[in-house]
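Input: a single structure, listed below in structure tokens.
The values are calculated or read from the model by the stated rules, or taken from the named source; none is laboratory data. This one's a predicted model, so the numbers in the text were calculated from it and none came from an experiment. Don't worry about glycine lacking a Cβ; one is built from the backbone with ideal geometry, like all the others, and counts go over all protein chains shown.
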Amino acid sequence: MLATDACEVHTATMNAVHARISDWAPTIRQTAVGRRAQQRVPFRISDNGDGPRLENEAALARLWADSPRMCDVLECADGSRYKIAHPGVQNSAAGPDFRGAVLVDQDGRRMTGDVELHLAARDWYSHGHHLDANYNGVVLHVVVNRTAHETSRQASRMNAPVAVLSTTSNPDNPTEPAAKGVFDGWDRDRIGEQLDVLGDRRFLDRSRGFRMQLDAGADADQTVYESLMEAMGYTSNTKPFRQLAGAVPYSTLRRLAGEPAGALAAGVTALLADAGGLIEHIAPPAHRSQLVRLARKLGRPKRTALPQWKLFRVRPVNHPAQRLQGAAGLLARTVRTGLSATLVGYLAADSPDRLAKNLQEPPFIGAGRASEIAINVALPFLHALGCAGGDASLRETSMAGYRCAAAATSYGSSTRFAKGMGIPTDRGFLATARRQQGLLHLNKHLPNLLDSRGQFRVQPDVASISTE
């Protein structure tokens, strides 16, 4: 019934993909060149005879990144004092200069949030930050020049304290002892062991999330389907993809189980693209009507509000329409047996570390994205399924598969975070997904993992934690 339309759509779609990749290539190269040029901002500190003087905010950012080693205590204009446990991760997008800084006040209380840097305190207002809600999370406004401003007003009507960062601090000066790092005195192996522990915690946290849904009576296929779709959205479009999974339930896709193999992927694509308002982004105008016709033949789901896709600064290969086609191809392979049963079969039929290979759907889902899905969705879901069903073999196999899986493509923000923390970032150290996930867990939960002195608290092994 659908085979003829499906073949025409598939051919047209693949031609369109290759054509668009050719069109995007120059843009991608130009963007990369532009990004490298932006990274070559000169780092200038001059000396006018009265001591070093910063000439731009790029130099200030470098200075702030090294602040835990340069000064023991940072004093604010309002008299408050903070130890810098972690300066945060430098932000390359719009908003404050550093995200996720961790400070410890004079009473030993930890505070986490964003940090904004300026040469002069008045720049906060001249740059319009007092009107921008993106800066409501700033917990410290760091400046170089002395100022009469004790605080900086935020759009939320709160105030961020202003601190002056000295450019003459000398870590070799015994009168100004350098602050100890979060992992002060730790060797490479010890740090790695703790990241492995944190990686296990992150995995089990995800497994427990799935387990809670299953225990509450959620359908297993729909549960993992929603998370798989969410994983296709990267950071910008996770919510719209999850919304789409609710608008077109997995049970709707399973109605295609009796269709010829060649028609399945086109049928799933038509249903999802129609519900998501993405048909015009998938095929050339001459073929859009074919996708619409397929959707009509299959029966459109009940109309809901269209997902609000975020397309600003989204790389062409990560466009929702491209990711949707990858998801459709992957899902089409599961509708006859069910998604959860298919994943169990993938894990049982091959070595656990090769699960990601079965989740690829070229050219839309490559090895990197498939690995992300395996690590963050498939394996923790299968672990939860084993726990919920009392299947010790499935539970142990999925955990073992996670622990031996190779690291996915590196995350730029976590790499910057690791460097700021003094954690090794070479490929040999971050070779496994387990350790990489541990680094992400540390980044997210750092304030809760520090003691009152801003030192990392040793975390117990999770091997003894019950997952039943």
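The table below gives the values:
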item	result
So Y135, is it in the same structural domain as P96 (by TED's automatic domain parsing), among the hydroxyl-bearing types (S, T, Y) and over 30 Å from L449 (Cβ atoms)	no
Condition check for S371: under 25 Å from L347 (Cα atoms) and among the hydroxyl-bearing types (S, T, Y)	yes
Evaluation of R403 against (1) within 28 Å of T238 (Cα to Cα); (2) crowded, with 19+ Cβ neighbours inside 10 Å (one fails), failing number	(2)
Subset of segment 193-243 (residues that are acidic (D, E) and farther than 25 Å from L430 by Cα)	D215, D219, D221, E226, E230
Residue among A77, A65 that is in contact (Cβ under 8 Å) with a residue 40 or more places away in the chain and closer than 24 Å to K444 by Cα	A65
Test: residue in segment 238-252 that is at pLDDT below 90 and not aromatic (F, W, Y)	no
Residue among L343, L359, L324 that alone is within 13 Å of Y234 (Cα to Cα), at pLDDT 95 or above and not small (G, A, S)	L324
Single residue of segment 56-84 satisfying the filter (within 21 Å of G412 (Cα to Cα) and in contact with a helix residue (DSSP H, G or I) (Cβ under 8 Å, 6 or more places away or on another chain)) that is surrounded by the most Cβ atoms within 10 Å (Cβ to Cβ)	L63
Residue count for segment 99-132, restricted to those that are hydrophobic (A, V, I, L, M, F, W, C), closer than 28 Å to T415 by Cβ and modelled with pLDDT of 95 or more	2
Selection from segment 405-434 of residues that are closer than 19 Å to A367 by Cα and either touching a helix residue (DSSP H, G or I) at 6+ places or on another chain (Cβ under 6 Å) or of a type outside the set (S, T, Y) (or both)	A405, A406, A407, A408, T409, G412, R427, L430, A431, A433, R434
Selection within segment 68-83 - aliphatic (A, V, I, L, M) and assigned to a loop (DSSP other than H, G, I, E, B)	V73, A77
Criterion violated by L298 - all others in (1) surrounded by 16 or more Cβ atoms within 10 Å (Cβ to Cβ); (2) within 31 Å of the chain's Cα centre (by Cα) satisfied	(2)
Residues (within 26 Å of the chain's Cα centre (by Cα), on the phi < 0 side of the Ramachandran plot and either assigned by TED's automatic domain parsing to the domain that holds R313 or assigned to a loop (DSSP other than H, G, I, E, B) (or both)) located in segment 88-129	N91, S92, A93, A94, P96, D97
